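Take a look at the structure set out below.
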Amino acid sequence: MSAFVRSSSVSACRLVFAQGRAPVEIRVRLDWECVGGNRTTTCGKVGVTVAYTDPDAAQPSQARASHDYSDSFGHTQSQGMVLRIIDFQLPPALTQCGIGTMIWSRIHRALDAAGLLPMRLTGGLSSKDATVRQVDAAGRQVRQMAHGAFYPASVPNIARRNAFWQRMLDTADRRFDCDAAGAGGFAGRFIDPAAHRSYHRPFDVLEIDAGVPGGLP
């Protein structure tokens, strides 16, 4: 009888911006299992923790923050290995500066190192993403005056969100459907989004010890 095998890996990096935002740390953990190394029995989970400084915190003591994301992957008879994205969203302080793409680049790197590629991504698109909070260069939410008070400003997001997910999908076998309201879905072979010609990051990426979380200054 083939042995039941469990494996895991952890990696981490720090994003250092030339100006504006404080450093951000990304920690990626993979946990997977299979029977005797058989790919058709492989399933697992990817988890990401992002440690950052929230520039909108009411008090300096509350500025340290973290954001978690996780989803599962497994083998299917029709598509092979598939990672189903249920709900990937970042808090405003981590948006509009390339962090999301780098998170998925790190996930791709971890899957590759574990021998879990090729893998397909599938996910849905929601009309709720048609706009997002506008932030400045430091990640602070921009506010605008309306009816005698200040409210968070929003910016159109459909084109930016669609480009974000399309970077991750090989064009050779990609499905991407999005209506005028921003709803739809996508599927395709997962590729490294940070290698896409449209991606330009405003930070340096430094490898750090994955066993020492929360090392932000």
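Of the residues in segment 71-87, at least one is under 24 Å from Val132 (Cα atoms) and open to solvent by less than 60 Å² (accessible area, probe 1.4 Å).
Under the condition of being open to solvent by less than 30 Å² (accessible area, probe 1.4 Å) and under 26 Å from Ala18 (Cα atoms), which residue from segment 154-164 is nearest to the chain's Cα centre (by Cα)? Within segment 154-164, the match that is nearest to the chain's Cα centre (by Cα) is Arg161. Can you tell me which residues in segment 53-79 are β-branched (Val, Ile, Thr) and touching a helix residue (DSSP H, G or I) at 6+ places or on another chain (Cβ under 9 Å)? Thr53, the sole residue that qualifies. Taken residue by residue, segment 90-106 has no member that is over 16 Å from the mean Cα position of the chain (by Cα) and small (Gly, Ala, Ser).
Would you tally the residues in segment 98-120 being touching a helix residue (DSSP H, G or I) at 6+ places or on another chain (Cβ under 8 Å), among the hydrophobic types (A, V, I, L, M, F, W, C) and over 14 Å from Arg39 (Cα atoms)?
Going residue by residue through segment 98-120, those that are touching a helix residue (DSSP H, G or I) at 6+ places or on another chain (Cβ under 8 Å) are 100-102, 104-105, 108, 117, 119.
Going one step further and asking which of them are among the hydrophobic types (A, V, I, L, M, F, W, C), we end up with 102, 104, 117, 119.
Going one step further and asking which of them are over 14 Å from Arg39 (Cα atoms), we end up with 102, 104.
Of the residues in that region, 2 qualify.
Inspection of segment 132-153 finds a residue satisfying the criterion of being surrounded by 14 or more Cβ atoms within 10 Å (Cβ to Cβ) and at positive phi.
Among the residues of segment 80-90, some residue qualifies, meaning at least one is modelled with pLDDT under 95 and among the charged types (D, E, K, R). In summary, Leu206 fulfils each of the numbered conditions (1) touching a Cys at 6+ places or on another chain (Cβ under 8 Å); (2) at pLDDT below 95; (3) surrounded by fewer than 17 Cβ atoms within 10 Å (Cβ to Cβ) with the single exception of condition (2).
Given segment 104-186, what strands (runs of 3 or more DSSP E) lie entirely inside it while holding 2 or more residues that are touching a residue at least 60 places away in the same chain (Cβ under 8 Å)? Steps first, please.
Values: elements: 120-125, 131-133, 143-146, 149-152, 154-156, 175-178.
Fully inside segment 104-186 and qualifying: 120-125.
The values are calculated or read from the model by the stated rules, or taken from the named source; none is laboratory data. Please read all numbers here as calculations on a predicted model, not as lab measurements. Here the Cβ is made from the backbone with ideal geometry for all residues, glycine too, and neighbour counts use every protein chain on show. For accessibility, only protein heavy atoms count, side chains too; no ligands or nucleic acids. Shrake-Rupley method; radii C 1.70, N 1.55, O 1.52, S 1.80 Å.
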